[in-house]
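Beneath this line is the structure, given in structure tokens, with notes to follow.
The values are calculated or read from the model by the stated rules, or taken from the named source; none is laboratory data. All of these numbers come straight from a predicted model, not from anything done at the bench. Methodologically, a virtual Cβ is constructed for each residue, glycine included, from the backbone with ideal geometry; neighbour enumeration extends over all protein chains shown.
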């Protein structure tokens, strides 16, 4: 019996001496939890549970507090993320707002790259052909009637757009379409669509751009206006 | 070893068969050995335009299915000594009677004996088109100055560009009417070429004599005075690698007054 008590005390002392796996910080946006990235996932869960239970009594009936998780260099699978969210949600007034990790899988990184890079293509998209890219599209050439270009981001065409262009394919309404000669049969941005007028317009040799305005309509205007309308297009430093 | 050129358009009725017959004949006149191959199985026309319909004994399907040799099926055009032959299509089968691999083999065999093998392609982009394109090294796209024909030509060019064994296709614009172009009622040559952005091989003016001669089974090229004939001959020379300037579409004004104007460079 004596031996057991002694041992127990010793273990406890060791545990007290180490750095805690979970540190909490209150900020004006809510609670930030820094989760250690060197311990095992199970240890982390255990300590998180413990800490949250301890602090639960203090403020259990207040308004919802948003929690930001910072997990450092630990990779969380979607299942683990879900587990953490439910664990924290169970503590009455806490809800996870964001989970930030320094690491991602190669697959995610490539996907991210695909969605943010500018893909340049030099060809004529002819009738019946479809050109589909994940990120922004820079087309050096024409889109002929019956041809379709689709991009997850913006579409820039150094040439004539006479076919269909669909920017923001995955729902990005901020996306724009720009072309040296803007004579499309149809323009689509996100889920908004616009078609060419039925009457023939005179040939203007001016570069133009299309974007969604405040009335949720696609408008075609002078290219130069983009600088004010979409300042985000300037990306001298690529990144987040 | 000769070259195989497929003549195609996507849309029907723009003049593929007429072009095949006339360019083939023009090349034969220029002293080349030519074999015309009609791949429009079930709807053959090239033999009629060439005036060789009544000499057909065997056809392309017979050759592919091994009922006779290629040499036996070829119809010789006696007007050009030993220079022009036709391999007619079958009229009783349909396009699925032949596969692209069989066509390629057949064309490869013909290329051994002839300077140029001209393949007349059926309209459309299905099996018949795939058969016709399978053995070709080069492609000529025929279009007329109509929006629908140009649209289909664009589609065909897109498909041809995906075929790696074929050189970039070249364009023939058929049936241009100069007075309609002048009035702005018809697409003009520059517009079409800019739109399709491929090399222009030639422009043929609309000419009633082309229809007349086709009905008689004598290609228009045999009439040296017709404008269409000159245009076809120029195309043949361009195929041989000569650089021949485009013929003006306008008829030259004949009269003492315009001659004087010309002398002084007044337009």
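Here are some notes:
- Selection from the range A:139-161 of residues that are in a strand (DSSP E or B) and at positive phi: A:159
- Any strands (runs of 3 or more DSSP E) falling wholly within the range B:1-91 and containing at least 3 residues that are under 20 Å from residue B:204 (Cβ atoms) and touching a strand residue (DSSP E or B) at 6+ places or on another chain (Cβ under 7 Å): B:3-8
- Residue, nearest to the chain's Cα centre (by Cα), within the range A:198-240, restricted to residues that are surrounded by fewer than 10 Cβ atoms within 10 Å (Cβ to Cβ), assigned to a loop (DSSP other than H, G, I, E, B) and modelled with pLDDT of 85 or more: A:214
- So residue B:126, is it modelled with pLDDT under 95, surrounded by fewer than 16 Cβ atoms within 10 Å (Cβ to Cβ), within 14 Å of chain A (Cβ to nearest Cβ) and within 30 Å of residue B:68 (Cα to Cα): yes
- Candidates A:165, A:179, A:175: the one that is buried (at least 23 other Cβ atoms within 10 Å of the Cβ) and assigned to a loop (DSSP other than H, G, I, E, B) is A:175.
- Index of the failed condition, residue B:63 passing every other in (1) farther than 19 Å from residue B:34 by Cβ; (2) surrounded by 21 or more Cβ atoms within 10 Å (Cβ to Cβ): (1)
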